[in-house]
Each structure stands twice: as structure tokens, then as C-alpha cells.
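Data first, discussion second: the structure below is written as C-alpha cells.
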Amino acid sequence: MNKCWQLSATSLLAALSLSVNADTLSNVQAKGSLSCGVSTGLVGFSSADSAGNWKGLDVDICRAVAAATLGDANKVKFVPLTAKERFTALQSGEIDILSRNTTWTLTRDGSLGLNFAGINYYDGQGFMVKKSLGVTRAKELDGATFCIQAGTTTELSLADYFRSNDMSFKTLAVDTSAQSKNGFEADRCDALTSDQSQLYALRTTLKDPSSAIILEDIISKEPLGPVVRQGDDQWFNIVKWSLNAMITAEELGVNSHNVHTNFKNPEIARLLGQSGKLNEYLGLEKKWGFNIISQVGNYAQSFERNIGTSTPLNIDRGQNALWIDGGLLYSPPFR
């Protein structure tokens, strides 16, 4: 066959993505629920309890979009996906949005027919090792074997780091984060490497969390955020501004407890639909922002209840603090 007629698997998937009905909002409203792709279980980000109730930082993005588009944050169908399954599920239309600790990269942005709608967690790749190994820095891991999750940016960043430092390594690749944790506990690898947030989550599920330490070294940038299909700008904007609503609400001091207050601040009034017509530009009801904040909360509330210092993960805001507090979190204005 002439090579001109051959399409790579990536190109075919991108074409499939663009062929899916572009009017996602109408489809979601017609079926009365939002299909949201999440992880197969990552504490603090997306995991289900014994009763099947999902919670986490990524789950709250799904719930925020449901509140904005359906008026009810509970109208979400959560679809657990492995790292290898996640993009195909979104491209095929199986899910309406992917909110699953997914790193924004140029290749993913440019070749998969997908758009990243923002960053809900600034992360970086790190390392978890057993205390008994006696390692305190990443450069002491020359020749080590690493447990990693297949279908992620982890192995590529690991290869870049070790190559640049003239070091060697081996990998044990598995499908899920739980499997990588099991391999680590069974001493099938010397270290587990992943996004540092995932390491904090996995450490809480170890039989003896105190047996492992997370090294200080960060070897990559891992901006995580929700993803949608290309070709539907309205839906892209809705997901983007649902996240921005949570960030802006924190910046302006609006939360689920005081959202019913009659604020004098003009931007708060626009955010909550008390004035202006920003909702019309998104094709939503006037109270879309109010619904997000009243039912899900602002970004700080989501962070603190899911992964903050009062949770087992005990993660401080760090880079994920607001820009006015020295962090990277920043939303364009509601104007």
C-alpha cells in the first residue's frame, strides 16, 4: 500500500475524536448525566468508597461541570479507566470529559484530537523508596529497577533524567497504580516512580506507610488537568470556566458557606449570575457559577477536604496556592 494512504494509530484516533458529535452540551443535557472518566482508584484524586461513592480533587471537577450544565453536581456517571484506556474512551465518545490525573504535554495536545481545559494540580515526578534501602537522593538510584504505570509520561521522564545524568535503570511496567504499589511492596522493584501526588496517595495504602519515604527530588513538570475532545469549542469553554469558577471563588473569598450572601463586589456578582450575561456566552443558565460553588465549593475547599494537611495525604498548597499567595494558580477574570 502507498505510504501516503497509511494513517498512524494516533492519526486514526484523532480523526475518530473529531467525528464524534460536537454538541456535547446538548447530549449531556438530553441524557441527564455527565459521563466522566476517572482513575481506577487514586486516594485524594478519584476513588470510590465501599458504598460506591466517588470523591477526590479530580472527581470535584466532574461534579463542578455537572453542576454548571445540569444544575446538579450529583448527576455524574463515573467511568474508571486505566492510563492506557483513558484517551481512547474520550476520543470515542464513551465519556464526555476526562478528569484523571493526566499530564498536559505538546504531543497529547497536538496529536490526539484532544484539548486540555486547564490545570487543577501542578505536580512533578518523584520517587518513593523503602527506608531500609538507605537512599535519600534520586542520583543514588543508578542501576535501580522502578515500578511504573504503563501509558503515562513517567517512563519518558525517567529515561530523560537518567540519560542526562549518565545513569542506567530498568522498569517493571503495570496497568494500574494499585499494581505498581503491590510490586513495590513485594520488593519486585527498588523504587516506585510517578507524580509526587500519586506517591503520597499510594503511600497511605501501604500495609506499613512508615516503611517508605518520598524523596525530595522532582525530575519533571506534570501539569494535571481535565481533557475534552477537539471540535466543540462551547464544551471546551464550559469545562475551562467551571474550573476557573472554583479558582476565582477562592480568590474572591466566596465558598459554599457564604455563597448566598448579597456581595457588593462586581466580579462576584458576575461569577454568581447576580448581574451580567456571562452565562449566555457559554450557553448555560444564569446560576451556573452559583451552582458550582454552592454544591462543590471553591478550589481551596476541594483541595483541603481531599488532599490537604488535614487528610492522610497531608499535602500543603505549595505550587497549587493562588498566585496572590505565591503559587501558580491563576484564573482569567470573570468579565
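Return the residues of the stretch 23-41 that are touching a residue at least 12 places away in the same chain (Cβ under 8 Å) and either charged (D, E, K, R) or in contact with a strand residue (DSSP E or B) (Cβ under 8 Å, 6 or more places away or on another chain) (or both); say none if nothing qualifies. Hits for the stretch 23-41 are 23, 24, 28, 33, 34, 35, 36, 37, 38, 39, 40, 41. Checking 250, 280 one by one, the residue that is open to solvent by 10 Å² or more (accessible area, probe 1.4 Å) and under 27 Å from the mean Cα position of the chain (by Cα) is 250 and no other.
Of all the residues in the stretch 132-151, those that are of a type in the set (Ser, Thr, Tyr) and either touching a helix residue (DSSP H, G or I) at 6+ places or on another chain (Cβ under 8 Å) or part of a helix (DSSP H, G or I) (or both) number 1.
This table checks each residue for (1) open to solvent by less than 30 Å² (accessible area, probe 1.4 Å); (2) modelled with pLDDT under 50.
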{"residue": "1", "(1), (2)": "no, yes"}
{"residue": "7", "(1), (2)": "no, yes"}
{"residue": "19", "(1), (2)": "no, yes"}
{"residue": "22", "(1), (2)": "no, no"}
{"residue": "25", "(1), (2)": "yes, no"}
{"residue": "29", "(1), (2)": "no, no"}
{"residue": "43", "(1), (2)": "no, no"}
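Report the residue count in the stretch 68-86 for those that are within 19 Å of residue 236 (Cβ to Cβ) and open to solvent by 30 Å² or more (accessible area, probe 1.4 Å).
Step one: filter the stretch 68-86 for residues within 19 Å of residue 236 (Cβ to Cβ), giving 68-70, 76, 86.
Next, only the ones that are open to solvent by 30 Å² or more (accessible area, probe 1.4 Å) stay: 70.
Going through the stretch 68-86 one residue at a time, the tally reaches 1.
Look at the stretch 134-159: where a residue is farther than 19 Å from residue 108 by Cα and free of Cβ contacts under 8 Å to residues at least 24 places away in the same chain and a partner is open to solvent by 10 Å² or more (accessible area, probe 1.4 Å) and not small (Gly, Ala, Ser), sitting 6+ places away or on another chain with Cβ atoms under 9 Å, you get 134/140; 140/133.
Return the residues of the stretch 312-335 that are in a loop (DSSP other than H, G, I, E, B), of a type outside the set (Gly, Ala, Ser), open to solvent by less than 70 Å² (accessible area, probe 1.4 Å) and more than 19 Å from residue 216 (Cα to Cα); say none if nothing qualifies. Reasoning before the result, please.
Step one: filter the stretch 312-335 for residues in a loop (DSSP other than H, G, I, E, B), giving 312-317, 321, 326-328, 330-335.
Checking the rest, the ones that are also of a type outside the set (Gly, Ala, Ser) come to 312-317, 328, 330, 332-335.
Pick out the ones that are also open to solvent by less than 70 Å² (accessible area, probe 1.4 Å) and you get 313, 315, 317, 332, 334.
Of everything in the stretch 312-335, those that are in a loop (DSSP other than H, G, I, E, B), of a type outside the set (Gly, Ala, Ser), open to solvent by less than 70 Å² (accessible area, probe 1.4 Å) and more than 19 Å from residue 216 (Cα to Cα) turn out to be 332, 334.
Can you confirm whether the stretch 273-282 contains a residue that is free of Cβ contacts under 8 Å to residues at least 60 places away in the same chain and touching a Pro at 6+ places or on another chain (Cβ under 8 Å)? Yes, the conditions are met somewhere in the stretch 273-282.
Total residues in the stretch 42-53 satisfying the condition of being in contact (Cβ under 8 Å) with a residue 24 or more places away in the chain and farther than 16 Å from residue 89 by Cβ: the figure is 5.
Of the residues making up the stretch 102-129, those that are surrounded by 18 or more Cβ atoms within 10 Å (Cβ to Cβ) and either at pLDDT below 95 or of a type in the set (Ser, Thr, Tyr) (or both) are 102, 103, 121, 122. Only one entry of 177, 168, 194 meets the criterion of being touching a Gly at 6+ places or on another chain (Cβ under 6 Å) and hydroxyl-bearing (Ser, Thr, Tyr), and that entry is 168.
Which of the following residues is more than 16 Å from residue 246 (Cα to Cα) and touching a residue at least 40 places away in the same chain (Cβ under 8 Å): 315, 292? Lay out the reasoning, then the answer.
Values: 292 fails: more than 16 Å from residue 246 (Cα to Cα).
Answer to the selection: 315.
When 60, 109 are checked against the criterion of being part of a helix (DSSP H, G or I), without any contact (Cβ under 8 Å) to a residue 60 or more places away in the chain and not basic (Lys, Arg), 109 stands alone in meeting it.
Restricting attention to the stretch 208-223, the residues that are surrounded by 12 or more Cβ atoms within 10 Å (Cβ to Cβ), among the acidic types (Asp, Glu) and within 15 Å of residue 130 (Cα to Cα) total 0. Considering the stretch 152-168, the residues that are open to solvent by 60 Å² or more (accessible area, probe 1.4 Å) and either assigned to a helix (DSSP H, G or I) or on the phi < 0 side of the Ramachandran plot (or both) include one that is modelled with the lowest pLDDT, namely 155.
The values are calculated or read from the model by the stated rules, or taken from the named source; none is laboratory data. Just so you know, these numbers come straight off a predicted model, no measurement behind them. Quick reminder, even Gly has a Cβ in these numbers, built from the backbone with ideal geometry, and neighbours come from all protein chains shown. These area figures cover heavy atoms from the full protein model, side chains too; ligands, DNA and RNA do not enter into them. Shrake-Rupley method; radii C 1.70, N 1.55, O 1.52, S 1.80 Å.
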